[in-house]
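Q: Handing you a structure now.
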Amino acid sequence: MPTSCATGAGRIRWSYTAHLVGVALLFGAIAPLDLRLLGLWSTTPLAPLARVLVPVAGSGLALALLTGPVLFLADPRRYGPLGLFQFKLVLISLAVFHVFWVHQSPAWTTGLTSQIAPAARLRWAGLISLTLWFSVLLCGRLIAYV
């Protein structure tokens, strides 16, 4: 029969794996969508791309948000005071707010129905989103080395 430490370690391992899958889904869906907003693949309409990638990103975000606290609880005394960890939480909050703000904007609605290149506002939104989520990813990775 496994000890509580072994059981806890097993949970952390599964949580870490699930967290990585969530992050991969999130970033793997957001990156191409944001790159499309920046002007790549300009012949591909935004609507079908968004119809596929937004739910994938949302699922990845949900999985990462569910498993992240489990990983934090593995060693809260270590992670809690880390400035890098706190900065990561701020970036996640900003990135999630940005997603909701963009998706509620008239520019997003117009971009989904238009066959022309995204408005400058959407190009900026793509750049901001890509920068925020990449920064979250970088902070998460760097936490392992602090």
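Q: Rank the residues 33, 26 as a footprinting-exposure proxy: fewest other Cβ atoms within 10 Å of their Cβ go first. Before the final figure, lay out the partial values.
A: Values: 33 20, 26 24.
Going from sparsest to densest Cβ surroundings: 33, 26.
Q: Tell me which of 93, 79, 122 sits at the most positive position along the dipole axis of the chain, charges placed on C-beta atoms (Lys, Arg +1; Asp, Glu -1).
A: 79
Q: What distance in nm lies between label points placed 7 Å from Cα along the C-beta direction at residue 16 and residue 124?
A: Label-label distance for residue 16 and residue 124, simple model: 4.1 nm.
Q: Using a Gaussian network model of the chain whose springs link C-alpha atoms within less than 10 Å, name the residue from 83, 111, 60 with the highest mean-square fluctuation.
A: Greatest mean-square fluctuation among the candidates belongs to 83.
Q: Between residue 94 and residue 70, what length comes free when the chain is fully extended (0.36 nm per residue of separation minus the Cα-Cα distance, one decimal in nm)?
A: Numbers: separation 24, 0.36 × 24 = 8.64 nm, distance 2.15 nm.
The span from residue 94 to residue 70 would gain 6.5 nm if fully extended.
Q: Please arrange 110, 17 by how many other C-beta atoms lie within 10 Å of their C-beta, fewest to most.
A: Values: 110 15, 17 11.
Ascending number of Cβ neighbours within 10 Å: 17, 110.
Q: Please work out how much length the chain gains when fully extended from residue 51 to residue 82, using 0.36 nm per residue of separation minus the C-alpha to C-alpha distance, in nm with one decimal. The partial results should precede the final answer.
A: Numbers: separation 31, 0.36 × 31 = 11.16 nm, distance 3.74 nm.
In short, 7.4 nm is gained.
Q: Let me ask you something else. Spelling out what I want: for every residue of region 19-29, take phi, set θ = phi - 60°, compute 6.51 cos²θ - 1.76 cosθ + 1.60 (Karplus), and round to whole Hz; glycine and proline get x.
A: Once rounded to whole Hz, the list reads 5, 5, 5, x, 5, 5, 4, 4, 5, x, 8.
Q: How tilted is helix 83-103 with respect to the longest principal axis of the chain? Cα atoms for both, answer in degrees (0 to 90, nearest 10).
A: The helix 83-103 is inclined about 30 degrees to the chain.
Q: Using a Gaussian network model of the chain with C-alpha springs under 10 Å, which one of 31, 57, 47 is most mobile by mean-square fluctuation?
A: Result for the chain, Cα springs under 10 Å: 47 fluctuates most.
Q: Would you compute, from DSSP H runs of 4+ residues alone, the mean residue ellipticity of the chain at 222 nm, taking -39500 (n - 2.57) per run and dividing by the full residue count, rounded to the nearest 500? Before the final figure, lay out each step's value.
A: Working: 6 runs with 119 residues, N = 146.
Here the helix-only value at 222 nm equals -28000 deg cm²/dmol.
Read-outs throughout are calculated quantities, based only on the coordinates presented, and are distinct from any laboratory measurement. Bear in mind the structure is a predicted one, so any value in this text is a computation, not a measurement. Methodologically, a virtual Cβ is constructed for each residue, glycine included, from the backbone with ideal geometry; neighbour enumeration extends over all protein chains shown.
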